[in-house]
Amino acid sequence: MAYLELKNLNKIYPNGFHAVHNFNLEIEQGEFIVFVGSSGCGKSTTLRMIAGLEEISDGEFLINGKRANELNPRQREVAMVFQSYALYPQMTVYDNLAFSLTLEGVDEDVIEEKVNRTAAILGLTEYLDRLPRALSGGQRQRVAVGRAIIRKVGIFLMDEPLSNLDAKQRVTMRSEITQIHKEIGATTIYVTHDQTEAMTMADRIVVMKEGYIQQVGTPHELYFNPTNVFVAGFIGEPPMNFVKGTVEDGKIAFGDQKIDLKSQFADKVSGYEGKEIVFGFRPEAIALGEEENAYHIRCNVELTEMLGDNTNVYITNGDQQAILKVDPHDTPDVDSEITFSIPFKSVYLFDSETENRI
Ligand code: ADP
Ligand code: MG
């Protein structure tokens, strides 16, 4: 039995909008789960149903095997950090951290010990006497996280907690939150629209789209084994390249060339003769030149972006476009013609209609 069980959860808002459909998931104690997807896909709604802040329209939520649908947030022993983390502006960092414990009537000595320990974990010790307005965005965010972790709860919920921070602070806080999770070990569900956050922080990722789960898996599974076009395109940066083409004699066109699918994927494409298929490959999976065990593609270089550790090369052939990620030392000239290799093992084929992996 898993620690948390979400069985066929549905959310239909009072206005009739069906925001979450048949959400099924089992979460083990201590796991770090990330819900990821574009804005509006139902991440916060699902999290709020778990928190007890939003009624579950249909389905069952179990904690330790016991139905929890009717429990309030405190009974569920959850703590939550929101995107707009409201600290009490007139209270010091110490009092902000102590607040929930004070409400619970915990002894002053115990509170002091817990505040000091939480502050130490979060690097806030020297700021305990400050008011929130005298802190940076990152420090305020740490206080918000501290307020949640100071109470001993079983479930730790975070809804886009880093989205008000600048890029650099986000990277720092990302590893800090991972570190804190290692230290306190609480089961954590973390919501973000940022695939990088999901990939770097999660034990397992739940990819959502329009209220439906698309795939659940480890970062490794989602990257190497995406189940459909959406997941393949969502995980990875720049996203996977997709070439659409009609299969003719086992081949699809890439501009003025043919990719001979039947040479490697006869079993997969045999039923697709005359039908459209999606051919996917990741920008970073290619090699320049003609490698063995790979498709060789000729193309024109439209634009290059040197990013330091790599260069993004925007290529075209006919009306097909793609991005290649190459070593900056190998950056090709704009307007030149190059040939690159797509290893057979790095090819992903999808049904054009269902968008599912073939
Ligand atoms: P996310 O957190 O993934 O951005 P939400 O869970 O906030 O998405 O919202 C999912 C969908 O439900 C959106 O289309 C949103 O407009 C809708 N929604 C959210 N709250 C309500 C509400 N109180 N009433 C009706 N629709 C809502
Ligand atoms: Mg949200």
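Brief remarks on what is shown
- In the range 310-358, the qualifying residues are those that are part of a loop (DSSP other than H, G, I, E, B) and among the charged types (D, E, K, R), and the one that is nearest to L222 (Cα to Cα) is E355.
- Close pairs from the range 193-205: first in the same structural domain as L157 (by TED's automatic domain parsing), partner in a loop (DSSP other than H, G, I, E, B) and more than 16 Å from ligand 2 (Cβ to nearest atom), Cβ under 6 Å, at least 6 apart: Q195/I235; D203/E31; R204/T218
- Between N310, N293, the distinction of being over 15 Å from V243 (Cβ atoms), assigned by TED's automatic domain parsing to the domain that holds P332, surrounded by 13 or more Cβ atoms within 10 Å (Cβ to Cβ) and touching a strand residue (DSSP E or B) at 6+ places or on another chain (Cβ under 8 Å) belongs to N310 only.
- Test: residue in the range 65-73 that is modelled with pLDDT under 95, in the same structural domain as V216 (by TED's automatic domain parsing) and surrounded by fewer than 16 Cβ atoms within 10 Å (Cβ to Cβ): yes
- Verdict on L71 being more than 16 Å from ligand 2 (Cβ to nearest atom) and within 22 Å of the chain's Cα centre (by Cα): no
- If only residues of the range 288-336 that are of a type in the set (S, T, Y) and more than 28 Å from K251 (Cβ to Cβ) are counted, the one that is nearest to the chain's Cα centre (by Cα) is T311.
- For the range 162-179, taking the residues that are closer than 19 Å to G30 by Cβ and in contact with a strand residue (DSSP E or B) (Cβ under 8 Å, 6 or more places away or on another chain), the one that is nearest to ligand 2 (Cβ to nearest atom) is identified as I177.
- Members of the range 261-274 found to be loosely packed, with under 14 Cβ neighbours inside 10 Å and among the charged types (D, E, K, R), listed by number: D267, E273
- Failed item in (1) of a type outside the set (A, V, I, L, M, F, W, C); (2) in a helix (DSSP H, G or I); (3) over 17 Å from the mean Cα position of the chain (by Cα), with T200 passing the rest: (3)
- For the range 266-286, the set of residues classified as within 25 Å of T331 (Cβ to Cβ) and not in a strand (DSSP E or B) consists of R282, P283, E284, A285, I286, listed by residue number.
- Evaluated against (1) at pLDDT below 95; (2) touching a Leu at 6+ places or on another chain (Cβ under 6 Å), D309 falls short on exactly one condition, (2).
The values are calculated or read from the model by the stated rules, or taken from the named source; none is laboratory data. Remember, it's a predicted structure, so these values are computed and weren't measured experimentally. Backbone-built Cβ (ideal geometry, glycine too); neighbour counts: all protein chains shown.
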